[in-house]
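Data first, discussion second: the structure below is written as structure tokens.
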Amino acid sequence: MEIINRETAYDGHYKLRVLTLQDGDEQLKRERFEPGTAVGALVWDTKQERYLLTRQYRIGAEAEMVEIAAGMVDGDEAPEAAIRREIQEELGYDVDHLEKIARIYPSPGANAEIITIFFAEVSNKSGKGGGLEEENEKIEPVIFTHEQLIAEQFEDAKTLIAAQWAQLRK
């Protein structure tokens, strides 16, 4: 298959494109959701020896979700810089150590989003966290022991991957 045409159907907070694909003698039209590039991190507080996750309302789930700290990469920002910024904004911590866990497409059938997942060690709380008021974020920290983390039934895919990584790592 080859993409022969791209049209923008919607260009708002996210984008929706209609792609025309050539498949042999046949042409197919498919919609593709383009939310951008995201990052997430399983945050470990080395002083408390606890994982720091977040709870916030998520429009896709229409509910509050517990998940790893996460957010969008701004422009040509490096994923490592983006996750350091997001951890500071959401949890109020400076990152001491960062390790890449995986780079994933959460739903590649019709979604172009790419998420880079990290493990981050922190020890210094230098900000208040809670998210940015100008982005209408209302984020609260959720603390987990290792045992609680691996026993939790997460519904968020990036968080589930990070929790399984933590389980395999110990």
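The values are calculated or read from the model by the stated rules, or taken from the named source; none is laboratory data. Remember, it's a predicted structure, so these values are computed and weren't measured experimentally. Cβ sites come from the backbone with ideal geometry, for glycine too, and all protein chains shown count toward neighbours. SASA here: full protein model, heavy atoms, side chains in, ligands and nucleic acids out. Shrake-Rupley method; radii C 1.70, N 1.55, O 1.52, S 1.80 Å.
Laid out as a table, the results:
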{"item": "Sites D96 and I4 - FRET efficiency at Förster radius 41 Å, r taken between beta-carbons, to 0.05", "result": "0.25"}
{"item": "Sequence ranges 25-34, 41-50, 91-100, 64-73, ranked by mean other-Cβ count within 10 angstrom, highest first", "result": "64-73, 41-50, 91-100, 25-34"}
{"item": "Distance violations [Cα-Cα > 19 Å] among K47/K125; K29/K158; K47/K128", "result": "K29/K158"}
{"item": "Accessible carbon and sulfur surface of the chain relative to its total accessible area, %, 1.4 Å", "result": "46 percent"}
{"item": "I115, I143, I150, reordered so the largest accessible area comes first (probe 1.4 Å)", "result": "I143, I150, I115"}
{"item": "Charge context of T20, other residues only, Cβ under 12 angstrom, K/R +1, D/E -1", "result": "0"}
{"item": "For the chain, the Rg and Dmax computed from alpha carbons only, in angstrom", "result": "18.0, 62"}
{"item": "Sequence-distant residues sharing a close amide H with V142 (under 5 Å, placed H)", "result": "L53, T54, R55"}
{"item": "Relative counts (whole %) of C-alpha pair distances in segment 8-96, using bins that are 10 Å wide", "result": "14, 33, 28, 16, 8, 2, 0"}
{"item": "Integer Hz, Karplus 6.51/-1.76/1.60 couplings in order for segment 3-8, x for Gly and Pro", "result": "7, 10, 7, 10, 10, 8"}
{"item": "222 nm mean residue ellipticity, helices alone, for the chain (DSSP H n ≥ 4; -39,500 (n - 2.57); rounded to 500)", "result": "-5500 deg cm²/dmol"}
{"item": "For the chain: accessible area per residue (Å², 1.4 Å)", "result": "59 Å²"}
